Ligand code: IVH
């Protein structure tokens with residue numbers, strides 16, 4: 001299961017449960033209340049108490065409901081009706097008195113003091129050398145200065161943040177969306193590798209690491225589960241996630257989880273000056289540090305250690321999916337800082353993908369939210385590194401034809417045809433891909449694949465713009481596939497992430513004539529458009545009173561939405577999570593962003609492309625979206641339903657430049673331009689590329705020319721590099 005799927009685990013589980021409960025012998029049909037005498041009423045109440053308790057356990061503790069919400073509600077209703085008729089038979093353990101934790105509220109939420117980030121990936125040696133070169137460029141270091149790194153296994157588990165205050169474990173939280181995670185403190189306390197108290201630790205210490213399960217423990221757990229007829233886990237990572245995310249910590253205690261510490265979040269005092277020494281201090285506090293962690297003096301020795309770890313992979317006894325490299329010097333880490341979601345000073349070097357050969361039985365075309373026609377390979381199912389694969393991506397029409405987007409041959413120009421024997425590869429959690437084709441095994445009658453030139457969903461012409469690798473449906477929001485995919489994106493994890501409203505439910509509402517959701521705004525007007533919405537919904541298969549009410553509550557909770565999630569949710573082409581974050585930080589508020597995007601296009605283009613990390617293609621796409629009247633109207637209609645929260649400015653508290661617009665010009669001598677820009681942004685400033693009346697400060701390095709003159713003319717404050725460093729206290 002991917003993380004996104006885990007988040008919406010209820011979807012699949014409900015379907016499973018519906019199948020299972022249909023032939024569950026001991027559920028039976030409840031006798032009518034009127035037909036019961038006292039004795040049979042008591043028996044029936046006992047039976048219902050049992051069934052409801054079992055359903056509660058399955059739902060809340062095992063993450064695997066056994067009956068649908070509707071069936072659950074029916075049991076509760078029967079119980080209440082019998083109790084109403086025979087009040088004196090009400091049991092001490094009556095289910096009516098138990099308030100089962102609402103599914104969406106299973107865990108408390110914890111906001112991380114420092115965001116939990118992910119890692120940039122590398123797949124080959126060139127990527128590793130480029131990582132080192134990029135760091136040197138950023139820091140302005142020559143190729144011959146020494147630069148040490150650490151290398152350690154990338155554990156395939158789930159990350160956990162442990163916050164210690166005055167030496168006591170204050171709370172433990174899963175990563176969640178990186179900003180807010182689930183409170184799993186009680187569960188973390190049951191893991192033997194996690195100390196409850198620390199001696200001589202800094203007053204505040206957040207330890208971060210990976211919870212995982214060893215192979216032998218995973219197999220034993222699955223064997224026990226299979227014997228007891230309960231759910232088994234697909235792999236150790238899912239087993240670890242399912243075991244940590246238990247509402248009953250006693251269940252977590254019975255599952256053999258392990259924890260390797262690999263880093264930290266907030267600290268009231270530094271642990272050491274280097275990554276490795278800090279890890280050693282964590283080990284002294286009682287944490288397990290991966291024994292294969294080494295200090296390496298550059299890309300060659302990183303690669304040597306990568307190979308050594310790879311050679312031991314099968315014998316480690318736990319899953320790893322690569323090797324993580326981190327710059328060892330913490331002062332340099334600090335200078336390098338972070339991109340939107342990943343640190344500049346760390347890299348995950350992933351192991352190569354697993355591969356297998358099978359037959360391509362067909363090619364389906366899927367239409368995405370931006371109209372791209374994506375070919376999907378339908379394969380004769382094949383086992384690829386332990387996972388049964390029957391679908392794989394074929395990217396686009398050029399890829400099938402054997403050329404890249406510049407027209408250069410790939411696979412030496414071999415095209416892919418239905419009936420071919422093809423090589424599938426799978427790396428980690430990503431969608432499997434088709435890597436190669438075996439021409440010797442090609443059937444005589446296999447014909448070159450003719451890529452469709454009309455949209456298979458709405459029949460509109462599908463065209464390819466110059467420079468675009470995808471052929472796209474021109475139907476826009478007339479195309480039902482684009483509409484529904486946009487909605488799925490809108491409710492996805494990084495966007496609005498509405499509990500109980502996943503891809504499956506979107507498909508249901510999209511084709512529903514009584515309770516239609518066709519646009520994002522429709523989600524928020526559903527309840528007001530139809531006063532009977534809850535009643536109508538709870539009578540649908542797979543829904544009940546509880547889940548219907550929970551859905552409307554979850555929708556209401558998302559009416560207050562951080563601006564970055566809102567922007568990402570709009571699904572505008574090229575605006576991914578990182579870009580949304582950059583835009584949010586730059587503009588601060590929805591009003592400021594909207595004003596800029598609906599103002600003169602040249603000014604908007606200049607302002608957008610001035611943002612570090614936003615290029616002209618993305619900027620154009622945004623401007624075009626807002627210039628399109630129906631799109632702009634749809635966005636405004638949605639915005640009227642919401643309270644869009646301003647961006648939080650990182651570390652801007654007490655910053656002398658928070659909210660100011662600054663421009664660098666000339667040559668800086670103490671740090672590179674990239675670093676200066678990143679530092680200023682970290683302090684809450686906006687860094688622009690050109691001087692205007694909006695500029696607050698111009699930092700003029702050596703040889704500053706026309707920009708300095710323009711700034712003087714506009715009366716903008718001009719300072720030199722030393723004054724700038726003094727201003728920010730560097
Ligand atoms: S460092 C700011 N080190 O990989 C960087 N992560 O793809 C924090 N992971 O979310 C991550 N082993 O859950 C780091 N030795 C290791 C790791 C590791 C596994 C996971 C971690 C992170 C994910 C990023």
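The values are calculated or read from the model by the stated rules, or taken from the named source; none is laboratory data. Everything quoted here is computed from the prediction, not taken from an experiment. For neighbour counting, all protein chains shown are included, and Cβ atoms are generated from backbone atoms with ideal geometry for every residue, glycine included.
When you look at residue 551, is it crowded, with 17+ Cβ neighbours inside 10 Å, free of Cβ contacts under 8 Å to residues at least 40 places away in the same chain and not in a loop (DSSP other than H, G, I, E, B), yes or no?
no
Tally up the residues in segment 676-718 that are over 17 Å from residue 658 (Cα atoms) and either out of contact with any strand residue (DSSP E or B) (no Cβ under 6 Å at 6 or more places or on another chain) or loosely packed, with under 15 Cβ neighbours inside 10 Å (or both), please.
Total meeting the criteria: 14.
For segment 320-343, what are the residues that are more than 10 Å from the ligand (Cβ to nearest atom) and either touching a strand residue (DSSP E or B) at 6+ places or on another chain (Cβ under 8 Å) or over 25 Å from residue 612 (Cα atoms) (or both)?
327, 328, 329, 330, 336, 337
When only residues in segment 133-155 that are closer than 16 Å to residue 327 by Cα and under 27 Å from the mean Cα position of the chain (by Cα) count, which is farthest from the ligand (Cβ to nearest atom)?
134
Out of (1) assigned to a strand (DSSP E or B); (2) out of contact with any helix residue (DSSP H, G or I) (no Cβ under 8 Å at 6 or more places or on another chain), the odd one out for residue 347 is which?
Among (1) assigned to a strand (DSSP E or B); (2) out of contact with any helix residue (DSSP H, G or I) (no Cβ under 8 Å at 6 or more places or on another chain), the lone unmet condition for residue 347 is (2).
Among the residues of segment 423-446, which ones are over 18 Å from residue 396 (Cβ atoms) and part of a strand (DSSP E or B)?
Matches in segment 423-446: 423, 426, 438.
Contact list please: Cβ distance under 6 Å, first residue in segment 589-602 and under 18 Å from residue 560 (Cα atoms), second residue at pLDDT below 95, pairs at least six apart or on different chains.
589/646; 593/587
Quick check on my filter: what residues within segment 476-488 are at pLDDT 90 or above, surrounded by fewer than 22 Cβ atoms within 10 Å (Cβ to Cβ) and touching a helix residue (DSSP H, G or I) at 6+ places or on another chain (Cβ under 7 Å)?
483, 484, 488
For segment 178-187, give me each residue that is within 13 Å of the ligand (Cβ to nearest atom) and crowded, with 17+ Cβ neighbours inside 10 Å.
Residue satisfying the conditions is 181 alone.
Search segment 108-122 for residues being part of a strand (DSSP E or B) and within 12 Å of the ligand (Cβ to nearest atom), and hand back the single one that is surrounded by the fewest Cβ atoms within 10 Å (Cβ to Cβ).
Looking at the filtered set, the residue picked out is 121.
How many residues does segment 388-422 hold that are in a strand (DSSP E or B) and surrounded by 17 or more Cβ atoms within 10 Å (Cβ to Cβ)?
Qualifying residue count, segment 388-422: 4.
Matching residues to (1) surrounded by 19 or more Cβ atoms within 10 Å (Cβ to Cβ); (2) under 30 Å from residue 456 (Cα atoms); (3) touching a residue at least 60 places away in the same chain (Cβ under 8 Å):
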{"site": "310", "(1), (2), (3)": "no, no, no"}
{"site": "327", "(1), (2), (3)": "yes, no, yes"}
{"site": "336", "(1), (2), (3)": "yes, no, yes"}
{"site": "343", "(1), (2), (3)": "no, no, yes"}
{"site": "348", "(1), (2), (3)": "no, no, yes"}
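Within segment 359-383, track down each residue that is surrounded by 21 or more Cβ atoms within 10 Å (Cβ to Cβ) and either closer than 18 Å to residue 417 by Cα or within 13 Å of the ligand (Cβ to nearest atom) (or both).
Correct list: 360, 373, 375, 377, 379.
Could you tell me whether segment 651-662 includes any residue that is in a helix (DSSP H, G or I), farther than 30 Å from residue 557 by Cα and in contact with a strand residue (DSSP E or B) (Cβ under 7 Å, 6 or more places away or on another chain)?
no
So, residue 566, is that one in a helix (DSSP H, G or I) and touching a strand residue (DSSP E or B) at 6+ places or on another chain (Cβ under 8 Å) or not?
It is true that residue 566 is in a helix (DSSP H, G or I) and touching a strand residue (DSSP E or B) at 6+ places or on another chain (Cβ under 8 Å).
Among the residues of segment 447-475, which ones are surrounded by 16 or more Cβ atoms within 10 Å (Cβ to Cβ) and part of a loop (DSSP other than H, G, I, E, B)?
Answer for segment 447-475, where residues must be surrounded by 16 or more Cβ atoms within 10 Å (Cβ to Cβ) and part of a loop (DSSP other than H, G, I, E, B): 449, 451, 455, 457, 458, 460, 464, 470, 471, 475.
Go through segment 555-580 and count every residue that is within 16 Å of residue 644 (Cα to Cα), in contact (Cβ under 8 Å) with a residue 60 or more places away in the chain and in contact with a helix residue (DSSP H, G or I) (Cβ under 9 Å, 6 or more places away or on another chain).
Residues meeting the conditions: 11.
Any residue in segment 157-175 that is more than 15 Å from the ligand (Cβ to nearest atom), touching a strand residue (DSSP E or B) at 6+ places or on another chain (Cβ under 9 Å) and part of a helix (DSSP H, G or I)?
No, the conditions are met nowhere in segment 157-175.
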